[in-house]
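*Asks:* One structure is given below, represented as structure tokens, and several questions about it will come after.
The values are calculated or read from the model by the stated rules, or taken from the named source; none is laboratory data. As the structure is a prediction and not an experimental result, all values here were calculated from the model. Reconstructed Cβ throughout: ideal geometry from the backbone, glycine too, with neighbour counts over all protein chains shown. Protein only, heavy atoms only, side chains kept; ligands, DNA and RNA dropped before computing areas. Shrake-Rupley method; radii C 1.70, N 1.55, O 1.52, S 1.80 Å.
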Amino acid sequence: MSDILINVDHVSFAYEEESREAVRDVCLQVPKGAFHAILGQNGSGKSTLAKLMNGLYLPTKGSVHVCGMDTQDEKNTWEIRRRAGMVFQNPDNQLVATVVEEDVAFGLENIGVPTEEMPDRIRKALSDVGMLPFANRAPHTLSGGQKQRVAIAGVLAMQPEAIIFDESTAMLDPRGRKEVMEAVKQLNQEQGITVLWITHFMEEAVHCDRVHIMHDGQIVLSGTPRDVFADPDRIRAYRLDAPPMARLAQGLRAAGMPIREGVLTVDEMAEEVRRLCK
Ligand SMILES: Nc1ncnc2c1ncn2[C@@H]1O[C@H](COP(=O)(O)OP(=O)(O)OP(=O)(O)O)[C@@H](O)[C@H]1O
Ligand SMILES: [Mg+2]
């Protein structure tokens, strides 16, 4: 068994037979334990690709394997969705119960987890995202970031190997975004959960192992954040902006300040400024 958890092999997908393919000949391998980001402008095919990765859609061409299981094979469908969970954009559409812990229980009932096993699984999942103190709250009384963390707990309770986040911070305020991002980073680092992070926020992508840029249904650029964002002009061609600190570094260099190449984060910029002020 290889350590590639999600293997997308020359996959194309069209919504209707005649229509233009929303995903075109995409190859992508996500190793176990990795944290990958997918970036791309509106309509570039990110959500379509995400849904191909856990069997919600099936490829028109090519194949997708999750933990070695072909998504095309119907007998794998539920196991694939359990092992590669998804968290979507709008937390309000994902929470169904009137109490937080019942919401987390919902998915477990669907996959037939024995009732006596449920309380432990629910407690652990809520605790992993810092939401255990809210177990008895009504979801509508929570902030956006808290709701998203409950949605993540619902997926975690299924004991997945990977979680695919489709713009899960897009509707949150900066604080909620940070809250969710921190929780997800922790799940990746401490529990080795593989993460696929689809986002519009460049500053989130800088923390990933690898970034894939989608454009018009294809992956046009892949690499470490440092490689992909090294030249802000390159990704502008795909109608994306480099992360704020990379843009600032470029601006300062243009103004004659010797900021080193490859600055991506606030901490790295602070270090550069400190060095220059000495
Ligand atoms: N249900 C659908 N039926 C037909 N076409 C669709 C459907 N969903 C998406 N598309 C089309 O497929 C293409 C890719 O859409 P997709 O939602 O995957 O892009 P995206 O990168 O996720 O965009 P966004 O950033 O807006 O979420 C677009 O041209 C879109 O219009
Ligand atoms: Mg989308």
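*Asks:* Tell me whether the range 148-163 contains one or more residues that are of a type outside the set (Ser, Thr, Tyr), without any contact (Cβ under 8 Å) to a residue 40 or more places away in the chain and open to solvent by less than 40 Å² (accessible area, probe 1.4 Å).
*Replies:* yes
*Asks:* Next up: Tell me whether the range 150-170 contains one or more residues that are charged (D, E, K, R) and over 21 Å from CYS208 (Cβ atoms).
*Replies:* no
*Asks:* Have a look at VAL220, VAL195, VAL206 and point out the one that is among the β-branched types (Val, Ile, Thr) and over 16 Å from the mean Cα position of the chain (by Cα).
*Replies:* Criteria check complete, one pass: VAL220.
*Asks:* Among the residues of the range 240-278, write down those that are surrounded by fewer than 16 Cβ atoms within 10 Å (Cβ to Cβ) and touching a strand residue (DSSP E or B) at 6+ places or on another chain (Cβ under 8 Å).
*Replies:* Correct list: empty.
*Asks:* Taking ASN76 as the residue in question, decide whether it is more than 16 Å from ligand 1 (Cβ to nearest atom) and farther than 30 Å from MET131 by Cβ.
*Replies:* Yes: the conditions hold for ASN76.
*Asks:* Of the numbered conditions (1) in a strand (DSSP E or B); (2) more than 22 Å from ARG239 (Cβ to Cβ), LEU196 fails exactly one; give the number of that condition.
*Replies:* (2)
*Asks:* Restricting attention to helices (runs of 4 or more DSSP H) lying wholly within the range 1-115, give those where 3 or more residues are open to solvent by 80 Å² or more (accessible area, probe 1.4 Å), touching a residue at least 24 places away in the same chain (Cβ under 8 Å) and outside the structural domain of PRO133 (by TED's automatic domain parsing). If you could, list the steps in order and put the result at the bottom.
*Replies:* Working: elements: 46-53, 77-83, 100-110.
Counting at least 3 such residues, we get no helices (runs of 4 or more DSSP H) at all.
*Asks:* On to the next question. Name the residues in the range 194-221 that are more than 16 Å from ligand 1 (Cβ to nearest atom) and either open to solvent by 40 Å² or more (accessible area, probe 1.4 Å) or of a type in the set (Val, Ile, Thr) (or both), would you? Break it down into steps so the answer makes sense when it comes.
*Replies:* We begin by selecting, within the range 194-221, every residue more than 16 Å from ligand 1 (Cβ to nearest atom); these are 194-195, 203, 206-210.
Hits for the range 194-221 are THR194, VAL195, GLU203, VAL206, HIS207, ASP209, ARG210.
*Asks:* Starting from residues that are more than 13 Å from ligand 2 (Cβ to nearest atom) and of a type in the set (Val, Ile, Thr), keep the ones in the range 31-71 and report whichever is farthest from GLU17 (Cα to Cα).
*Replies:* Here the answer is VAL66.
*Asks:* Another question, if that's okay. For the range 93-107, check the following and say yes or no: at least one residue is of a type in the set (S, T, N, Q), at pLDDT 95 or above and within 16 Å of ligand 2 (Cβ to nearest atom).
*Replies:* no
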